[in-house]
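The block underneath contains the structure these notes are about, expressed in structure tokens.
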């Protein structure tokens, strides 16, 4: 496994771990009827959470090669790898069309 795949996996684990906490902080920060002092406090709490726990830091990468571009979300493989796997029948529900 390449280092990029491992790093991406660690980020995904951090996102899953901090997801509820981040959503909670975000809801309190956006509450317009709460006092500004409380909202400001939760703004700083959310900024102290790890940077890699944000959803935007996760990059869709191929689980085989680590390629970051043109990755299908459903299978987590890029178009290049899917072209190799389709004729072999390795991916479920996909086969190479011919007519």
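The values are calculated or read from the model by the stated rules, or taken from the named source; none is laboratory data. All values reported here derive from a predicted model rather than from experimental measurement. Because the Cβ atoms are built from the backbone with ideal geometry, glycine has one as well, and the counts that use them run over all protein chains shown.
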| said: For segment 1-16, give me the residue count where each residue is part of a helix (DSSP H, G or I) and either at pLDDT below 85 or surrounded by 13 or more Cβ atoms within 10 Å (Cβ to Cβ) (or both). | reply: 9
| task | Confirm whether residue 69 is modelled with pLDDT of 80 or more, touching a strand residue (DSSP E or B) at 6+ places or on another chain (Cβ under 9 Å) and surrounded by fewer than 12 Cβ atoms within 10 Å (Cβ to Cβ). | result | yes
| query | Does residue 66 fit the bill of being in contact (Cβ under 8 Å) with a residue 60 or more places away in the chain and either on the phi > 0 side of the Ramachandran plot or touching a helix residue (DSSP H, G or I) at 6+ places or on another chain (Cβ under 6 Å) (or both)? | reply | yes
| In segment 35-66, which residues are surrounded by 15 or more Cβ atoms within 10 Å (Cβ to Cβ), over 20 Å from residue 20 (Cα atoms) and modelled with pLDDT of 85 or more? | 61, 62
| request: Take residue 65 and decide whether it is under 27 Å from residue 3 (Cβ atoms), under 20 Å from the mean Cα position of the chain (by Cα) and in a helix (DSSP H, G or I). | output: no
| task | Could you tell me whether segment 88-96 includes any residue that is assigned by TED's automatic domain parsing to the domain that holds residue 19, outside any helix (DSSP H, G or I), free of Cβ contacts under 8 Å to residues at least 40 places away in the same chain and out of contact with any helix residue (DSSP H, G or I) (no Cβ under 7 Å at 6 or more places or on another chain)? | result | no
| Residue check for residue 82: surrounded by 15 or more Cβ atoms within 10 Å (Cβ to Cβ) and in contact with a strand residue (DSSP E or B) (Cβ under 9 Å, 6 or more places away or on another chain) | yes
| request: Would you be able to say whether some residue in segment 21-28 is touching a helix residue (DSSP H, G or I) at 6+ places or on another chain (Cβ under 9 Å), free of Cβ contacts under 8 Å to residues at least 24 places away in the same chain and assigned to a loop (DSSP other than H, G, I, E, B)? | output: no
